[in-house]
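The next block holds one structure in the form of structure tokens; read it before the comments.
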Amino acid sequence: GHSDVNILVCVNPKTRQVLLISTPRDSYVKMHNADGREGLDKLTHAGNPGIEYSIDAIENLYGINIDYYMKINFTGCIEVVDALDGITINSSVEFHNGYEAYDKTFYYNIGPNECNGEQTLAFVRERKAFGAGDFQRGKNQQAAITGIINKITSPSILANYGPLLDSLNKVVVTNVPGLHELIYLPDIEKGTALIS
């Protein structure tokens, strides 16, 4: 399926730092299709034949090797955030989401916003409210991921560990070693977003 979100996550275990790099879905990048032909197309189309094609396109774009991937669909965001009992998202812009982002309208102020799963999904999907479009959406997605990481690494996660694993079981496909021992990861229907 199309990959609407493409975030490269670089983790430095020594400094305990995480770098997030967003690539807009409509970026024209060099990619290979399932027939082995090479050409330019929108990044969002790279994963149509399978996740390995999205990975290949991003590796070619940045000249790197990607070791691991996680794939989650947009609606899975609701389950994960609700399993965490909400997250705090630090927004760099003030806005209301539009109907295309979510069928309910929410307001986000500059600074910290306490968000449940629905509010988080609307936050990460909105792009038409901004002059910078997909670029701001990429920043918003990074802010939401930061909110999730902050919640997962907080002591409060112990109370929500079980529901979090149950929610991941339903919405995540990954090749991260050790994660399969924690949760069973079934195949997800097409139409998912890539986080690599």
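Condition check for THR88 on (1) at pLDDT 95 or above; (2) open to solvent by less than 30 Å² (accessible area, probe 1.4 Å); (3) farther than 25 Å from THR23 by Cβ: one failure, at (2).
Right, THR105: in contact with a helix residue (DSSP H, G or I) (Cβ under 9 Å, 6 or more places away or on another chain), closer than 21 Å to ILE7 by Cβ and of a type outside the set (Gly, Ala, Ser) or not? Before the answer, list the steps.
Values: in contact with a helix residue (DSSP H, G or I) (Cβ under 9 Å, 6 or more places away or on another chain): yes; closer than 21 Å to ILE7 by Cβ: no; of a type outside the set (Gly, Ala, Ser): yes.
Judged against the criteria, THR105 is not a match.
Let's see how each residue does on (1) within 12 Å of GLY138 (Cα to Cα); (2) over 13 Å from the mean Cα position of the chain (by Cα):
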| residue | (1), (2) |
| --- | --- |
| ASP4 | yes, no |
| VAL9 | no, no |
| PRO24 | yes, no |
| SER27 | no, yes |
| HIS32 | no, yes |
| ARG37 | no, yes |
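Of the numbered criteria (1) at pLDDT 90 or above; (2) open to solvent by 40 Å² or more (accessible area, probe 1.4 Å); (3) of a type outside the set (Phe, Trp, Tyr); (4) part of a strand (DSSP E or B), the one THR105 fails is (4). The set of residues in the stretch 151-178 being part of a helix (DSSP H, G or I), out of contact with any Gly (no Cβ under 9 Å at 6 or more places or on another chain) and of a type in the set (A, V, I, L, M, F, W, C) consists of ILE152, ILE157, LEU158, ALA159, LEU164, LEU165.
Could you tell me whether any residue of the stretch 114-130 is modelled with pLDDT of 95 or more, assigned to a strand (DSSP E or B) and of a type outside the set (Lys, Arg)? There is at least one residue in the stretch 114-130 that is modelled with pLDDT of 95 or more, assigned to a strand (DSSP E or B) and of a type outside the set (Lys, Arg). Within the stretch 158-168, the residues that satisfy the criterion of being open to solvent by less than 50 Å² (accessible area, probe 1.4 Å) and of a type outside the set (A, V, I, L, M, F, W, C) are ASN160, GLY162, SER167. When the stretch 108-129 is filtered for residues that are among the hydrophobic types (A, V, I, L, M, F, W, C) and open to solvent by 90 Å² or more (accessible area, probe 1.4 Å), only ILE110 remains.
The values are calculated or read from the model by the stated rules, or taken from the named source; none is laboratory data. All of these numbers come straight from a predicted model, not from anything done at the bench. Reconstructed Cβ throughout: ideal geometry from the backbone, glycine too, with neighbour counts over all protein chains shown. Ligands, DNA and RNA are stripped out before the accessible areas are found, and what is left, the full protein with its side chains, is counted by its heavy atoms. Shrake-Rupley method; radii C 1.70, N 1.55, O 1.52, S 1.80 Å.
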